Amino acid sequence: MWLKIKKEITGLVKKNFPDLPVSEEDFAFPPNSEFGDLSLPCFNFTKVLPNSPPEIAKELSEKIEPSGIVGKIVAAGPYLNFFLDKRKMASLVLNQILKEKEKYGKSKMGKGKRIMIEFSNANTHKEYHVGHLRNLCYGDAVTRLLAVTGNKAIPVSYINDFGIHVAKTLWAYEKFYKNEKPPENLGYFLGQIYVRSTQELEKDPKAKEEVGVLMAKIESRRGSEYKLWQKTREWSIEQFEKIYKEMGVKFDKVFYESEVIDEGRKIVDELFRKNFLIKSQGAVIADLEKYNLGVLLFLRSDGTALYPVADVPLAIKKFKKYKLDESIYVVDVRQSLYFQQLFKILELLGYKQKMIHLGYEFVKLPSGMMSSRTGNVITYENLWAEATERAIAETKKRHTNWSERQINETAKKIVVGAIKFEMVKVGKEQTITFDIDRSLRFEGFTAAYLQYTHARICSIIRKAGIKISGKIDFDKFQEKWEYNLMVELAKFPEILEKAARTYNPAVLADYLHDLAKIFSDFYRDVKVIDADLEAQKARIALIGAVKIVLAKGLGVLGIAAPEEM
RNA sequence: GGCCCCGUAGUUCAAUGGAUAGAACACCAGCCUUCUAAGCUGGAUAUCUAGGUUCGAUUCCUAGCGGGGUCACCA
């Protein structure tokens with residue numbers, strides 16, 4: 001919306017000064033609304049005009065006649081500030097939002113590009129912890145951002161169900177848990193066993209061989225070990241599905257290492273024959289030294305497979321089957337060298353599609369790096385239980401008359417919101433130190449604050465009980481908060497585009513918080529229900545627009561906006 | 001050692017090269033017979049160092065310091 005306004009103003013300036021080097025990108029928002037709504041720095045104009053920036057600003061402000069959406073033009077030092085016509089602004093912004101409703105903000109920026117985005121690459125037979133959650137929440141938010149900005153986003157997950165970790169867990173299972181009655185959450189149970197396994201293997205180095213033997217038996221895809229693998233693999237997969245359902249994340253397709261590894265071995269053989277891969281120190285590698293990317297191991301010297309053996313065929317399958325324009329991998333930044341290597345190999349094999357590794361920093365705890373081995377870890381289950389308990393307690397306190405079902409449903413929305421918001425509200429380059437007390441707060445810069453703001457708006461609209469129909473009299477807007485809200489609402493489409501362009505949902509989180517803050521100011525100073533009918537109508541329209549944008553913005557972050565809380 | 005990321009308030013984070021560096025938490029002092037106090041108001045506190053580019057640098061460049069990651073059989 002602002003882009004449109006900036007273009008209009010650019011036109012206005014050019015009409016009077018055709019030679020001035022000015023474009024939409026040159027405008028800035030003033031630090032304070034007292035300065036105006038939009039600002040044009042005049043420093044660059046010294047190249048075509050003889051005067052100093054302040055003199056130029058002054059001259060421009062005198063010679064350009066305000067028209068259209070521009071109400072007033074004022075020079076402030078080297079800046080040329082534009083004040084917009086508030087009534088025109090109101091009718092432009094509010095009419096569009098109320099007409100488009102939840103479609104407001106949708107753009108065609110992506111031009112229908114087919115983008116596959118791979119995330120939540122968890123391992124079966126291991127724990128699912130807050131580190132995985134960052135990946136899940138970030139990947140999901142980016143998927144939704146790409147979709148809302150005009151791309152065909154295809155979310156997929158790639159599960160490693162066939163690595164050595166599987167054998168480790170099953171080794172410990174056979175040895176220590178075989179006769180135990182498994183608990184209800186079987187996936188979680190496997191995670192616990194994996195931890196035990198790493199501890200036991202440290203104590204008993206000889207057991208490594210047993211694990212190797214077990215792995216070979218599983219890979220043979222025959223016998224009781226293979227059956228055990230099939231059974232326990234389902235346990236993990238069911239756990240993942242439960243997590244995705246609770247968190248409201250959907251994948252179009254889930255790939256499994258066990259399904260692509262055979263194809264991968266064939267490709268490795270073929271590439272080896274073609275001398276694309278070579279033998280070195282007993283292992284099979286790709287030598288990428290000439291691209292300054294070191295070497296990448298495909299096969300260990302004992303012939304067992306490493307990551308790229310599955311990743312290469314999977315990437316090829318993706319390109320062929322899904323006709324992708326772009327392929328995105330959301331994986332921990334520690335694997336950025338690996339992805340540079342993988343992309344280089346795919347490029348050398350002739351794949352020219354755009355490949356992007358979205359590397360985010362890891363999650364650690366106040367007590368240090370997460371480590372399953374030492375038990376310094378917050379599992380998904382622990383976090384979910386803890387968060388649910390707190391959200392239920394908080395909701396009960398406020399709504400003593402609510403049914404249990406109502407409380408649980410609302411609490412769940414708060415829990416999912418809290419977790420997702422914590423994970424995406426900071427940039428991906430930032431290490432998250434996950435402090436459970438800090439993260440499960442319901443005040444300040446949190447999802448709960450945004451949800452609460454939304455619920456308050458819903459409450460007002462319910463109580464007012466009037467339908468907005470016919471023409472709205474925007475002259476009824478007299479308060480600065482009403483105007484500030486509209487200015488903020490108008491930014492939403494550009495915010496979505498910026499967040500999508502930079503793969504940074506934190507931009508959106510920030511914006512929603514700003515919007516909610518301004519609403520709170522409005523809420524304090526401006527009564528909606530007590531106002532005369534025309535003013536009430538106009539204000540209902542305004543807060544209705546805020547509600548739409550809050551709900552939509554939260555939705556893009558994968559967070560629900562409850563009507564009451 | 002090579003490469004990558006980070007360094008902003010007591011803490012956790014913001015800031016397309018633009019005006020007075022914003023929030024949140026914590027702390028102190030206030031605001032609920034009035035649309036949900038999960039809210040609001042007020043208060044104090046910050047750009048790692050040294051150079052450079054620029055009319056203008058938290059932002060870009062160089063060097064250094066500090067923290068983290070990664071660099072062949074881990075995933």
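The numbers here are math on the coordinates, done by the rules we state, and not lab data. Note that the coordinates shown come from a computational prediction; the quantities given were computed from them, not determined experimentally. Note: ideal-geometry Cβ built from the backbone for every residue, glycine included; neighbour counts use all protein chains shown.
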- For the range A:372-443, divide the Cα radius of gyration by the Kirkwood radius and give the resulting Rg/Rh value with two decimals. 1.04
- Message: Once the cut-off is 16 Å, how many percent of the Cα-Cα pairs in the range A:257-314 end up in the long-distance tail?
- Response: 39 percent
- Note on the structure: Residues whose modelled amide H sits under 5 Å from the amide H of residue A:118, counting only those 5 or more places away in sequence or on another chain, are A:156, A:328, A:329, A:330
- Candidate cut points under chymotrypsin sites (Phe, Trp or Tyr not before Pro) in the range A:233-270, DSSP loop plus at most 12 other Cβ atoms within 10 Å of their own Cβ, are none
- Query: Mind listing the phi-derived Karplus ³J(HN,Hα) values for the range A:390-404, rounded to whole Hz, using 6.51, -1.76 and 1.60 with θ = phi - 60°, and x for any glycine or proline?
  - Reply: 5, 5, 5, 4, 5, 6, 4, 4, 8, 10, 5, 9, 6, 6, 4
- Task: Collect residues whose amide H, placed 1.01 Å from N in the peptide plane, falls under 5 Å from the amide H of residue A:152; neighbours closer than 5 in sequence don't count.
- Result: A:112, A:113, A:114, A:115
- Amide H neighbours of residue A:70 under 5 Å, counting only residues 5+ apart in sequence or on other chains, H built in-plane at 1.01 Å? A:85
- For each pair in A:108/A:413; A:108/A:352; A:152/A:344; A:168/A:344, compute the distance between the two Cα atoms and list the pairs where it is over 27 Å. A:108/A:413; A:168/A:344
- Query: Which ³J(HN,Hα) values, rounded to whole Hz and listed in residue order, are derived for the range A:127-134 from phi using the Karplus coefficients 6.51, -1.76 and 1.60 in 6.51 cos²θ - 1.76 cosθ + 1.60 with θ = phi - 60°, glycine and proline given as x?
  - Reply: 6, 10, 10, 4, x, 5, 5, 4
- Query: Which residue, chosen from A:150, A:73, A:5, occupies the Cα position most advanced towards the positive end of the dipole of chain A, where the dipole is computed from +1 (Lys, Arg) and -1 (Asp, Glu) charges on Cβ about the Cα centre?
  - Reply: A:150
- Message: Test of understanding: ordering A:176, A:519 by Cβ neighbours within 10 Å, fewest first, what list do you get?
- Response: A:176, A:519
- Which order, highest average first, do A:275-283, A:82-90, A:132-140 follow once you tally other Cβ atoms within 10 Å for each residue and take the mean per peptide? A:132-140, A:82-90, A:275-283
- Task: Translational diffusion coefficient, Stokes-Einstein: compute it for the range A:25-167 using the Kirkwood radius over C-alpha pairs as Rh, at 4 °C and 1.567 mPa s, and state it as an integer in µm² s⁻¹.
- Result: 65 µm²/s
- Determine, for A:186, A:38, the number of other Cβ atoms within 10 Å of each Cβ, and report the residues in order from fewest to most. A:186, A:38
- Under Stokes-Einstein, with the Kirkwood radius over Cα pairs standing in for Rh, what whole-number D in µm²/s applies to chain A at 37 °C and 0.692 mPa s? 121 µm²/s
- As straight-line cross-link partners of residue A:412, the qualifying lysines (C-alpha separation under 18 Å, not fewer than 8 residues apart within one chain) are A:242, A:245, A:250, A:396, A:397, A:420
- Query: Considering the dipole of the range A:224-269 built from charges on the beta carbon (Lys and Arg +1, Asp and Glu -1) around the Cα centre, which of A:260, A:240, A:224 is farthest to its positive end?
  - Reply: A:240
- Query: Dipole size in debye (nearest 20) for chain A around its Cα centre, Lys and Arg Cβ +1, Asp and Glu Cβ -1?
  - Reply: 1300 debye
- Note on the structure: Eigenvalues of the alpha-carbon gyration tensor of the range A:2-84, times 5 and square-rooted, give semi-axes in Å, largest first, of 17, 14, 12
- Message: I need the phi-derived Karplus couplings for the range A:248-264: 6.51 cos²θ - 1.76 cosθ + 1.60, θ = phi - 60°, integer Hz, Gly and Pro marked x.
- Response: x, 10, 10, 10, 6, 7, 10, 9, 10, 4, 4, 8, 10, 5, 5, 4, x
- Message: Between helix A:505-525 and chain A, what is the angle of the helix's C-alpha long axis to the longest principal axis, kept within 0 to 90° and rounded to the nearest 10?
- Response: 40 degrees
- Query: Can you give me the relative contact order of chain A as a percent, contacts being Cα pairs under 8 Å and 6 or more apart?
  - Reply: 16 percent
- Task: Treating cross-link reach as a plain straight distance, find the aspartates and glutamates whose alpha-carbon is under 18 Å from the alpha-carbon of residue A:175, omitting any fewer than eight places away in the same chain.
- Result: A:200, A:202, A:204, A:209, A:210, A:225
- Message: Order these by the 10 Å Cβ neighbour count, fewest first: A:404, A:564.
- Response: A:404, A:564
- Charge dipole (the range A:380-556, unit charges on Cβ, about Cα centre) - positive-most of A:449, A:516, A:406: A:406
